[in-house]
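Participant: Once you've had a glance at the structure underneath, I'll fire off some questions.
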Amino acid sequence: MKKTITSNQGTFAGLFSAIVASLCCITPVLALFSGATGVASTFSWIEPYRPVLIGLTLLTLGFAWYQKIKSLPQDIDCVCGDDKPKFIQSKTFLFLVTIFAGIMLAFPYYSHLFYPNSNIEKQVVYVSESNLGELNYSIQGMTCAGCEAHIEHEVNQLNGILEVDANYETSSAIVKYDMGKVTPEEIESAIAKTGYKIVD
């Protein structure tokens, strides 16, 4: 019985650490769907700890699998087939949790897919060179491609935006826009709405 409890604790600890490891990238997607885009960067502080959380997830799930697979003869009280383990104590449950944890850990690599691609929807617009403006922002709080997509999506909602290229690796966003249709203040306000901060 002790083996099952330890295995289940490892299972839930692994699941919890996998979710926490990707919380910085899950929050912007949830914020987009809920309409509360300002909370998107709430968990960006977790990103530096992500490697530790990934390691913790792998260790705890590995330990849970080790406990599940190893056979200890002293733990077998009865060989009768009547004692079926509960689903939550089964290898199937542990397998499902492991798959879900893997999906959570990989979330930052595919989170941008949840954002509509506003650049494709835009029509070709001709702007005179005198009206063409370009802004380069340093943005604090971006941690993955989902953060980039969140900023790009929000800025692209403005009329007069020609191109937005956010990059979490360089913590920057380059915005090309029509100065006759949108102002830098409106662009900055759209970025601020996402919860990420423009820094000087």
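Participant: Condition test on Tyr168, is it under 30 Å from Thr57 (Cα atoms), surrounded by 19 or more Cβ atoms within 10 Å (Cβ to Cβ), among the aromatic types (Phe, Trp, Tyr) and modelled with pLDDT under 80? Break it down stepwise before answering.
Facilitator: Numbers: under 30 Å from Thr57 (Cα atoms): yes; surrounded by 19 or more Cβ atoms within 10 Å (Cβ to Cβ): yes; among the aromatic types (Phe, Trp, Tyr): yes; modelled with pLDDT under 80: no.
It is false that Tyr168 is under 30 Å from Thr57 (Cα atoms), surrounded by 19 or more Cβ atoms within 10 Å (Cβ to Cβ), among the aromatic types (Phe, Trp, Tyr) and modelled with pLDDT under 80.
Participant: Which condition from (1) in contact (Cβ under 8 Å) with a residue 40 or more places away in the chain; (2) buried (at least 23 other Cβ atoms within 10 Å of the Cβ) is the one that Gly195 breaks?
Facilitator: Going through the list (1) in contact (Cβ under 8 Å) with a residue 40 or more places away in the chain; (2) buried (at least 23 other Cβ atoms within 10 Å of the Cβ), Gly195 breaks only (2).
Per-residue answers, yes or no, for (1) at pLDDT below 90; (2) more than 23 Å from the chain's Cα centre (by Cα); (3) over 13 Å from Tyr137 (Cβ atoms):
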residue	(1), (2), (3)
Lys176	no, yes, no
Thr183	no, yes, yes
Ile187	no, yes, no
Lys197	yes, no, no
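Participant: Tell me yes or no: at least one residue of the range 30-40 is at pLDDT 80 or above, crowded, with 16+ Cβ neighbours inside 10 Å and assigned to a helix (DSSP H, G or I). Reasoning before the result, please.
Facilitator: First, pick out the residues of the range 30-40 that are at pLDDT 80 or above: none.
Scanning the range 30-40, I find no residue that is at pLDDT 80 or above, crowded, with 16+ Cβ neighbours inside 10 Å and assigned to a helix (DSSP H, G or I), so the answer is no.
Participant: Next up: Looking at (1) surrounded by fewer than 18 Cβ atoms within 10 Å (Cβ to Cβ); (2) closer than 20 Å to Phe43 by Cα; (3) at pLDDT below 90, can you tell me which one Ala145 breaks?
Facilitator: (1)
Participant: Which residues, counting only those in the range 103-137, are out of contact with any Lys or Arg (no Cβ under 9 Å at 6 or more places or on another chain), surrounded by fewer than 14 Cβ atoms within 10 Å (Cβ to Cβ) and either of a type in the set (Phe, Trp, Tyr) or at pLDDT 70 or above (or both)?
Facilitator: Ile103, Ala106, Tyr109, Tyr110, Leu113, Tyr126, Ser128, Glu129, Ser130, Asn136
Participant: Also: What's the number of the only condition in (1) touching a His at 6+ places or on another chain (Cβ under 7 Å); (2) modelled with pLDDT of 80 or more that Ser90 fails to meet?
Facilitator: (1)
The values are calculated or read from the model by the stated rules, or taken from the named source; none is laboratory data. Since the model is a prediction, treat every value here as computed from it, not as a measurement. Cβ coordinates were reconstructed from backbone atoms using ideal geometry, including for glycine residues, and neighbour counts include every protein chain displayed.
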